[in-house]
1. Any residue that is under 22 Å from Y101 (Cα atoms), surrounded by 16 or more Cβ atoms within 10 Å (Cβ to Cβ) and at pLDDT below 95 - is there at least one of those in region 173-182?
2. Residues that are assigned by the TED database to the domain that holds E110 and either in a loop (DSSP other than H, G, I, E, B) or of a type in the set (D, E) (or both): does region 57-66 have at least one?
3. Can you find, within region 71-97, the residue that is farthest from Y134 (Cα to Cα) among those that are open to solvent by 30 Å² or more (accessible area, probe 1.4 Å) and assigned to a loop (DSSP other than H, G, I, E, B)?
4. State all residues of region 127-146 that are assigned to a helix (DSSP H, G or I) and basic (K, R); if no residue qualifies, say none.
5. Name the residue, out of R147, R140, R161, R151, that is of a type outside the set (A, V, I, L, M), open to solvent by 30 Å² or more (accessible area, probe 1.4 Å), touching a residue at least 24 places away in the same chain (Cβ under 8 Å) and farther than 22 Å from D71 by Cβ.
6. Restricting region 139-178 to residues that are hydroxyl-bearing (S, T, Y) and within 21 Å of G90 (Cβ to Cβ), which is nearest to the chain's Cα centre (by Cα)?
7. Quick one: how many residues across region 27-44 are open to solvent by 20 Å² or more (accessible area, probe 1.4 Å) and either among the acidic types (D, E) or at negative phi (or both)?
Amino acid sequence: MAQRRRGAALEKALLDAAWGELAERGYARFTMDGVVRRAGTSPPVLYRRWAHRDELARAAVAHVLEEARVDTPDTGTLRGDLLALMREIGTANAQLVILMYAHLAGYCQETGTSPGELLDAARGKSADALAEVYDRAVARGEARPERLTGRVRSLPFDLLRQEILATLAPVPEDVVEEIVDTIFLPLVS
């Protein structure tokens with residue numbers, strides 16, 4: 001007899017099932033019933049946590065982004081830290097980025113949420129990690145704080161995401177280095 005899941009284990013199973021449904025079927029065919037079947041649970045268990053499919057989809061995205069979150073590098077330089085982060089995102093997480101944009105367009109259209117808003121809601125700890133990278137760079141004198149506006153801080157990752165979506169492939173090393181060395185570092189130093 002299978003042991004009953006509770007607490008964090010149950011929530012993880014539900015969110016894994018929801019992400020599996022989103023990744024396989026897309027938001028247009030994403031249903032609460034599909035998640036219930038995939039998770040091997042009952043509707044009340046799911047609806048007690050998320051009353052609507054858009055809430056569950058948002059929670060599944062936050063969950064998968066948290067699981068895919070990379071550790072904050074500390075290589076001793078801003079360049080090294082950014083290259084390490086971008087290599088990880090641009091290779092290991094490229095498929096995740098592609099899946100999210102391809103399958104969640106319907107979510108964004110239906111809820112009036114932009115992809116950026118959906119990602120922002122799930123960013124949390126990764127935004128804190130990136131702030132730590134930039135704070136260390138300022139402390140080392142590698143970046144001028146007045147140049148690190150919100151848009152400039154996100155620029156290398158915006159360009160990385162654009163490359164992933166334009167090519168539907170992992171980002172080559174030379175492209176990552178070009179983004180950091182030719183575009184980003186001159187803006188902040």
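The values are calculated or read from the model by the stated rules, or taken from the named source; none is laboratory data. Here the structure is a predicted model, which is why all the values come from computation and not from measurement. All Cβ positions, glycine included, derive from the backbone under ideal geometry; neighbour counts span all protein chains shown. Quick note on the areas: whole protein, heavy atoms, side chains included, nothing else; ligands and nucleic acids left out. Shrake-Rupley method; radii C 1.70, N 1.55, O 1.52, S 1.80 Å.
1. No: zero hits.
2. no
3. A92
4. Correct list: R136, R140.
5. Just a single option satisfies the conditions, and that option is R147.
6. S154
7. At the first step, the residues of region 27-44 found to be open to solvent by 20 Å² or more (accessible area, probe 1.4 Å) are 28-29, 31, 33, 37-38, 40-44.
Filter once more, keeping what is either among the acidic types (D, E) or at negative phi (or both): 28-29, 31, 33, 37-38, 41-44.
Matching residues across region 27-44 total 10.
Residue by residue, here is whether (1) over 26 Å from V180 (Cα atoms); (2) modelled with pLDDT under 90 holds:
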| position | (1), (2) |
| --- | --- |
| D33 | yes, no |
| G40 | yes, no |
| L46 | yes, no |
| A60 | yes, no |
| T72 | no, yes |
| D81 | no, no |
| N93 | no, yes |
| L99 | no, yes |
| G112 | yes, yes |
